[in-house]
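Colleague: One structure, as structure tokens, below. Some questions next.
The values are calculated or read from the model by the stated rules, or taken from the named source; none is laboratory data. What you are looking at is a predicted structure, and each value in this text was computed from that prediction instead of being measured. All Cβ positions, glycine included, derive from the backbone under ideal geometry; neighbour counts span all protein chains shown. In case anyone asks, the SASA skips ligands and DNA or RNA and just uses the protein heavy atoms, side chains included. Shrake-Rupley method; radii C 1.70, N 1.55, O 1.52, S 1.80 Å.
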Amino acid sequence: MRSRFSAFALGLSDYVLETWHPDQRPASLLDDSLTEWVRLEILSSQQQDDAGQVHFRAIFRENNRWNALEEDSSFIRTAGRWLYVDGETAVVSLKPGRNADCPCGSGRKAKRCCC
Ligand SMILES: [Zn+2]
């Protein structure tokens, strides 16, 4: 899960596609070159034999606006490797106040950080 996030963040689309279950894998990824993936929070995860569920929140920035993508992802283990099957995704925009903590996770106030 984390490695897929890193691959997304770095634009390593080959890796992202490789770890996608072949039955669900898209031919290519949408161009997200304007998207800056900032932070990943794993909210919960569970595993039962070769099936896994991960609930996560990924913080990203696009055109200087903060957003959070929240997803319940399903994974299946095939030949020792976890493959992404699908997920329920919701994207919300974040509007941090100037005195709120910056969404990037630095611990600094938004007005003194990247915003
Ligand atoms: Zn920041």
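Colleague: For the range 1-40, name all the residues that are among the charged types (D, E, K, R), open to solvent by less than 90 Å² (accessible area, probe 1.4 Å) and under 16 Å from residue 73 (Cβ atoms).
Modeller: 4, the sole residue that qualifies.
Colleague: Just wondering, is there one or more residues in the range 41-60 that are open to solvent by 70 Å² or more (accessible area, probe 1.4 Å), hydroxyl-bearing (Ser, Thr, Tyr) and in contact (Cβ under 8 Å) with a residue 24 or more places away in the chain?
Modeller: yes
Colleague: In addition: Any residue in the range 9-34 that's acidic (Asp, Glu): show its pairings with residues that are at pLDDT 90 or above and in a helix (DSSP H, G or I) at Cβ separation under 8 Å, as long as the two are six or more apart or on different chains.
Modeller: none
Colleague: Condition first: touching an Asp or Glu at 6+ places or on another chain (Cβ under 9 Å) and surrounded by 13 or more Cβ atoms within 10 Å (Cβ to Cβ). Now tell me which residues in the range 84-96 satisfy that.
Modeller: Matches in the range 84-96: 85, 87.
Colleague: Here's a check for you: in the range 97-107, which residue that is more than 6 Å from the ligand (Cβ to nearest atom) and out of contact with any strand residue (DSSP E or B) (no Cβ under 6 Å at 6 or more places or on another chain) is most open to solvent (accessible area, probe 1.4 Å)?
Modeller: Taking the range 97-107 and keeping what is more than 6 Å from the ligand (Cβ to nearest atom), we get 97-101, 103, 105, 107.
Add one more test, that the residue is out of contact with any strand residue (DSSP E or B) (no Cβ under 6 Å at 6 or more places or on another chain), and what stays is 97-98, 100-101, 107.
Values: 97: 37, 98: 162, 100: 39, 101: 106, 107: 60 Å².
Here the answer is 98.
Colleague: Also, quick follow-up: Kindly provide the set of residues from the range 75-115 that are free of Cβ contacts under 8 Å to residues at least 40 places away in the same chain, in a strand (DSSP E or B), under 30 Å from residue 19 (Cα atoms) and of a type outside the set (Asp, Glu), ordered by number. Talk me through it step by step, then tell me what you get.
Modeller: Quick first cut of the range 75-115, residues free of Cβ contacts under 8 Å to residues at least 40 places away in the same chain only: 77, 79-80, 87-102, 106-113.
Retained after the next criterion (residues that are in a strand (DSSP E or B)): 77, 87-94, 101, 109.
If we keep only those that are under 30 Å from residue 19 (Cα atoms) too, we end up with 77, 87-94.
Result: 77, 87, 89, 90, 91, 92, 93, 94.
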